[in-house]
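Participant: One structure follows; several queries about it will come next.
The values are calculated or read from the model by the stated rules, or taken from the named source; none is laboratory data. Because the structure is predicted, anything quoted here is derived from the model rather than measured. No Cβ is skipped: glycine too gets one built from the backbone with ideal geometry, and neighbour counts run over all protein chains shown.
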Amino acid sequence: MPFTGERYVPGVAGQIRIEHLHRYMFAVDHAAGCRVLDIASGEGYGSAALAQVASSVLGVDIAEEAIAHAAAHYTAENLRFVQGSLTAIPSADAAFDLVVCFETLEHVHDQERAVHEMRRVLRPGGQLIVSTPNRDAKDGALHEKNPHHARELSEAEFHALLKSTFAHVSIMEQRFLHGSVIAGFEAAATHAPTLISSDDMITMRRSTGDLGRFYLIAQASDHPHAVRHLNVLDGVAELHKVQAEFTYAVNTMHEKIREIEQLRAALEDMARHDELKTIQIGFLRKKLRRLEEEAKLVKP
């Protein structure tokens, strides 16, 4: 399918691919043996990933062409695709153990109805995993206005929207980054991770769980549910490629900075020589005029 900016499609590389892949891998980690609804399934790659571990997966999308594409490209006995809307899900009540809804709420005007619909099709104790861009994220060009979005949410609005329907809501954050992760593997290491950042490698900023909050991901249920404090995507060829490109860009930038500094120094040196030459030329012109005047005086 062509990439229009409205939905992600495989083949579009870089940061957007890693973000979408990570969200679905997070959902796969919760989908083992479950009856899963992937609402707004788009091209279908995420539903296919969920079907690898789920007992059944239903992919639903409002776009007829997306459903046709997904059904033609992803086939499995436990996977099917049907056309439908987030505000009118084509399913019976309490039909699913897990509902997955990524980057879709912001496309809907009636978000309250959408959340109620997702709750309707969940069995008692079932879980919703839903994500949306954070309207208040301070990410510069990364968070430009999207013409396909009907209503973006702040973190507080996102939490309130889900809390109006679900008894238990846990908000997480997602942001693409280059860094190093140190995580405890002991059973006692259950506290929230400490995230450290620095602009100058001397002054450190310490926080507990704030990566910038570009995307918000929530787990919602009527029953208490386990929340993982840290989930890191690694070992993906695309991620290593991005890291290599980033390293190359940084090295190239430093080379250009050195060239600029050398050129600036050469220009300053030339300017000094030019200034000296200007002074010398002025002195010689004065000397020339004086000699010319003297020559007039001695003419026979």
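Participant: Name the residues in segment 112-126 that are at pLDDT below 95 and crowded, with 20+ Cβ neighbours inside 10 Å, would you?
Facilitator: Of everything in segment 112-126, nothing turns out to be at pLDDT below 95 and crowded, with 20+ Cβ neighbours inside 10 Å.
Participant: Within segment 81-93, how many residues turn out to be surrounded by fewer than 18 Cβ atoms within 10 Å (Cβ to Cβ) and under 20 Å from TYR45 (Cα atoms)?
Facilitator: Of the residues in that region, 3 qualify.
Participant: Taking the condition in contact with a strand residue (DSSP E or B) (Cβ under 6 Å, 6 or more places away or on another chain), in contact (Cβ under 8 Å) with a residue 12 or more places away in the chain and part of a helix (DSSP H, G or I), does ALA70 pass?
Facilitator: yes
Participant: Of the conditions (1) crowded, with 21+ Cβ neighbours inside 10 Å; (2) touching a residue at least 24 places away in the same chain (Cβ under 8 Å), VAL53 satisfies every one except a single condition; which number is it?
Facilitator: Unmet for VAL53, out of (1) crowded, with 21+ Cβ neighbours inside 10 Å; (2) touching a residue at least 24 places away in the same chain (Cβ under 8 Å): (1).
Participant: In addition: Return yes or no: is SER131 among the polar types (S, T, N, Q) and assigned to a loop (DSSP other than H, G, I, E, B)?
Facilitator: Criteria not met by SER131.
Participant: Could you tell me whether any residue of segment 210-220 is surrounded by 12 or more Cβ atoms within 10 Å (Cβ to Cβ), at pLDDT below 80 and on the phi > 0 side of the Ramachandran plot?
Facilitator: Yes, segment 210-220 contains a residue that is surrounded by 12 or more Cβ atoms within 10 Å (Cβ to Cβ), at pLDDT below 80 and on the phi > 0 side of the Ramachandran plot.
Participant: So is ASN251 under 30 Å from PHE96 (Cα atoms) and either of a type in the set (Asp, Glu) or at pLDDT below 75 (or both) or not?
Facilitator: no
Participant: Could you tell me whether ALA32 is out of contact with any strand residue (DSSP E or B) (no Cβ under 6 Å at 6 or more places or on another chain), in the same structural domain as CYS101 (by TED's automatic domain parsing), modelled with pLDDT under 95 and within 17 Å of GLN127 (Cα to Cα)?
Facilitator: Criteria met by ALA32.
Participant: Inspect all residues belonging to segment 63-73 and state whether any of them is charged (D, E, K, R), surrounded by fewer than 18 Cβ atoms within 10 Å (Cβ to Cβ), under 20 Å from HIS107 (Cα atoms) and at pLDDT 90 or above.
Facilitator: Taking every residue of segment 63-73 in turn, at least one turns out to be charged (D, E, K, R), surrounded by fewer than 18 Cβ atoms within 10 Å (Cβ to Cβ), under 20 Å from HIS107 (Cα atoms) and at pLDDT 90 or above.
Participant: Looking at (1) in contact with a Ser or Thr (Cβ under 6 Å, 6 or more places away or on another chain); (2) buried (at least 19 other Cβ atoms within 10 Å of the Cβ); (3) more than 11 Å from VAL100 (Cα to Cα), which is the one condition that is false for ALA40?
Facilitator: Only one criterion in (1) in contact with a Ser or Thr (Cβ under 6 Å, 6 or more places away or on another chain); (2) buried (at least 19 other Cβ atoms within 10 Å of the Cβ); (3) more than 11 Å from VAL100 (Cα to Cα) is unmet by ALA40, namely (3).
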